[in-house]
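The next block holds one structure in the form of structure tokens; read it before the comments.
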Amino acid sequence: MPHPRLQELTLKLKSENASDRLLALVALRSLPSAEAFPLIKPMLFDDYLPVRSMAIRSLIHHPSAESVSLLIQLLDDPNYEIRAGAAGALGHVGDHDIVQALSRVFLEDTEWLVCFSAAVSLGNLKDPGAYTVLLHALDHPETIVQQAAIAALGEIKAFDALESLLPFVQAEDWMIRKSLATTLGNLPGPKSISALKYLAKDDNPQVAAAATVALELIHEP
């Protein structure tokens, strides 16, 4: 039996008022996928950018092979915000098979926001197959992308990346040092512990706190 709100939401999605369409997409997140997905799908190509972005975020709540396929298609969208949204969503609805698609978009896209989203998603997937791309991402000109790559290398337990990560203890950006501290906590070993003890004395309190927590997690005083 169809959900009692389905007809109401269907009408809202056809409204000329973008706010109605946005609210309907949010509501569709809690409906069964069999009913919600067919309504979300056409909204991925709405004329209004915020509606398209909301539709992408709503797909996260209805993962399926078709959701993944649509999001991969959107990685080639002309609008960089849509590409970034799709890359970010794939980290939540995708599986290991999408690492190649995210790696490609990271290497080919020229917008830092897309690269950032792809790096975050590669970390979320926790697939070692992302190692080479994430290592490459450490040299990205945007520090926020470097930060995402550092975090992702920790998520995939990339112990082989340790020598490439350690120089970031001297990074000027405190957020990079904080991200590094968390990552080193996921890569325990003598060199990681030594670097964390150094970061625990960092002038920035957030960096020092992150390093202290990481040391506690690996049971080092």
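Average projection, convex hull of the Cα set of the chain: 13.8 square nanometres.
Rounded to whole numbers, the Karplus 3J(HN,Hα) couplings from phi for segment 169-174 are 5, 9, 4, 5, 7, 5 Hz, using 6.51 cos²θ - 1.76 cosθ + 1.60 with θ = phi - 60°, and x at Gly and Pro. Restricting to Cα atoms and excluding each atom paired with itself, what does the Kirkwood estimate give for segment 97-221 in Å? Computed over Cα pairs of segment 97-221, the Kirkwood hydrodynamic radius comes out at 14.3 Å. Per-residue 3J(HN,Hα) values for segment 54-61, derived from phi via the Karplus relation 6.51 cos²θ - 1.76 cosθ + 1.60 with θ = phi - 60°, read 5, 4, 4, 5, 5, 5, 4, 7 Hz in sequence order (x marks Gly and Pro).
Shown here: segment 167-221, whose C-alpha atoms stretch 27, 20, 14 Å along the first, second and third principal axes, sorted largest to smallest. For Ser30, neighbours were defined as the other residues whose beta-carbon sits under 14 Å from its Cβ, and their charges (Lys and Arg +1, Asp and Glu -1) total +1.
Compute the helix-to-body angle for 205-217: its Cα long axis versus the longest principal axis of the chain, expressed 0 to 90° and rounded to tens. Around 80 degrees separate the two axes.
Can you compute the FRET efficiency between Met175 and Gln100 using 1/(1 + (r/R0)^6), with r the Cβ-Cβ distance and R0 = 30 Å? Round to the nearest 0.05. According to the calculation, E is roughly 0.55. 3J(HN,Hα) couplings calculated from phi for segment 73-86 with the Karplus curve 6.51 cos²θ - 1.76 cosθ + 1.60 (θ = phi - 60°) are, in sequence order, 4, 6, 5, 10, 5, x, 8, 5, 5, 5, 4, 5, x, 5 Hz; Gly and Pro show x. Look at the dipole of segment 76-221 built from charges on Cβ: of Gln100, Gly185, Leu122, the Cα furthest out on the positive end belongs to Gly185. The lysines within cross-link reach of Lys197, meaning a Cα-to-Cα straight distance under 29 Å and a gap of 8 or more places when in the same chain, are Lys126, Lys157, Lys178.
Over segment 21-162, average the accessible area per residue using a 1.4 Å probe and give it in Å², no decimals. If you can, show how the numbers build up before the last one.
Values: 6260 Å² over 142 residues.
That works out to 44 Å² for each residue.
In a simple Cβ point-charge model (Lys, Arg +1; Asp, Glu -1; nothing else charged), segment 63-221 has a dipole of about 560 debye relative to its Cα centre. The value obtained for segment 10-141, namely the Cα convex hull volume divided by the number of residues, is 92 Å³ per residue. Which net charge results for the neighbourhood of Asn204, defined as the other residues with beta-carbon distances under 9 angstrom from its beta-carbon, given Lys and Arg at +1 and Asp and Glu at -1? Result for the neighbourhood of Asn204: 0.
For segment 1-76, a Kirkwood radius taken over Cα pairs fed into Stokes-Einstein (25 °C, viscosity 0.890 mPa s) yields D = 199 µm²/s.
Apply 1/(1 + (r/R0)^6) to the Cβ-Cβ distance of Ala65 and Glu216, taking R0 = 45 Å, and write down the FRET efficiency to the nearest 0.05. Efficiency computed from Cβ-Cβ geometry: 0.65. Summing charges over neighbours of Ala84, with a neighbour being any other residue whose Cβ is under 10 Å away from its Cβ, gives -3 when K and R count +1 and D and E count -1.
Taking the 1.4 Å solvent-accessible surface of segment 21-157 as the whole, the part contributed by carbon and sulfur is 55%. The slack between Asn79 and Leu162, meaning 0.36 nm per residue of separation minus the straight C-alpha distance, is 26.3 nm.
So what is the 222 nm mean residue ellipticity for the chain from helices alone, if each DSSP H run of at least 4 adds -39500 (n - 2.57) and you divide by all residues, rounding to the nearest 500 deg cm²/dmol? Present the calculation step by step, with values, prior to reporting the outcome.
On the way: 14 runs with 148 residues, N = 221.
-20000 deg cm²/dmol, from helical runs alone.
The values are calculated or read from the model by the stated rules, or taken from the named source; none is laboratory data. What you are looking at is a predicted structure, and each value in this text was computed from that prediction instead of being measured. Neighbour counts are summed over all protein chains in view; Cβ atoms, including those assigned to glycine, are modelled from backbone coordinates with ideal geometry. Heavy atoms of the whole protein, side chains included, go into the accessibility calculation; ligands, DNA and RNA do not. Shrake-Rupley method; radii C 1.70, N 1.55, O 1.52, S 1.80 Å.
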